[in-house]
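Visitor: Below: one structure in structure tokens.
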Amino acid sequence: MSTAAESNADPHAGEPAATPLDPHRELTAAEFHAARDSEEFHELKRRFRAFVFPMTIAFLVWYFLYVLLAVYATDFMSQKLFGEINVGLVFGILQFVTTFGITALYIRFAGREIDPRAESLRTAMENGDFR
């Protein structure tokens, strides 16, 4: 028969604290919840959102500006710049340039800010730091 003190004891008390766990083991729901509630995870989400939300808004404003100009400012968009190249075509090509530019910026940002934090969080989870 167990006593109240034994039932309140740390269930991981007999395990060595510094030994990493098997990285291929199944993580428990409690470990995922603990990681989700950690300061490290909140910082990861905050940094991700600080890049993605403003960049998404800026791109959507630029995209809808292009669409609105194409629909309502046809005289402006059809102005020839050189040869058969007009403002609308240049703006359309700039949509692709903007997309590739944002992608390049995100790759650089993720490599500096997101990936190292995510790797640290993953390692902590594999080591059982969130049990």
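Visitor: From the Cα gyration tensor of the range 27-126, with a ≥ b ≥ c the square roots of its eigenvalues, which class applies: rounded if a/c is under 1.5, or else prolate if a/b is larger than b/c, or else oblate?
Guide: Note, shape of the range 27-126 comes out prolate.
Visitor: Another question, if that's okay. Assign unit charges at the C-beta atoms only (+1 for Lys and Arg, -1 for Asp and Glu), then state the dipole size of the range 56-131 relative to its Cα centre in Debye, rounded to the nearest 20.
Guide: 80 debye
Visitor: If you don't mind, another one. Under 5 Å between amide hydrogens, which residues at least 5 positions from N86 or on another chain qualify, with H placed 1.01 Å from N in the peptide plane?
Guide: Result for N86 returns L81.
Visitor: Under a Cβ-Cβ cut-off of 13 Å, what is the net charge of the residues other than G88 that fall near it, where Lys and Arg count +1 and Asp and Glu count -1?
Guide: In short, -1.
Visitor: Here is a follow-up. For L121, what charge total do you get from the other residues with a beta carbon under 11 Å from its beta carbon, if Lys and Arg give +1 and Asp and Glu give -1?
Guide: -3
Visitor: Would you kindly state how much longer the chain becomes between N127 and T103 on full extension, computed as 0.36 nm times their sequence separation minus their alpha carbon distance, in nm to one decimal?
Guide: Roughly 5.4 nm would be gained on extension.
Visitor: Right, something else. Step through the residues of the range 47-59 one at a time and calculate ³J(HN,Hα) from phi using the Karplus curve (6.51 cos²θ - 1.76 cosθ + 1.60, θ = phi - 60°), rounding each to whole Hz and writing x for Gly and Pro.
Guide: So the Karplus estimates, Gly and Pro as x, are 5, 4, 5, 4, 8, 5, 5, x, 5, 5, 4, 4, 5 Hz.
Visitor: Pop out the ³J(HN,Hα) list for the range 26-43 in order, Karplus 6.51 cos²θ - 1.76 cosθ + 1.60 with θ = phi - 60°, rounded to Hz; leave Gly and Pro as x.
Guide: Working through the residues one at a time gives 6, 7, 8, 4, 4, 5, 5, 5, 5, 5, 4, 8, 6, 5, 4, 5, 5, 5 Hz.
Visitor: With Cβ to Cβ distances under 12 Å as the rule, what net charge do the other residues near G111 carry (K, R +1; D, E -1)?
Guide: That sum, taken over residues with Cβ under 12 Å, equals 0.
Throughout, read-outs are computed from the coordinates displayed, never taken from laboratory work. Every value quoted in this text rests on a predicted model; they were computed, and no experiment measured them. Because the Cβ atoms are built from the backbone with ideal geometry, glycine has one as well, and the counts that use them run over all protein chains shown.
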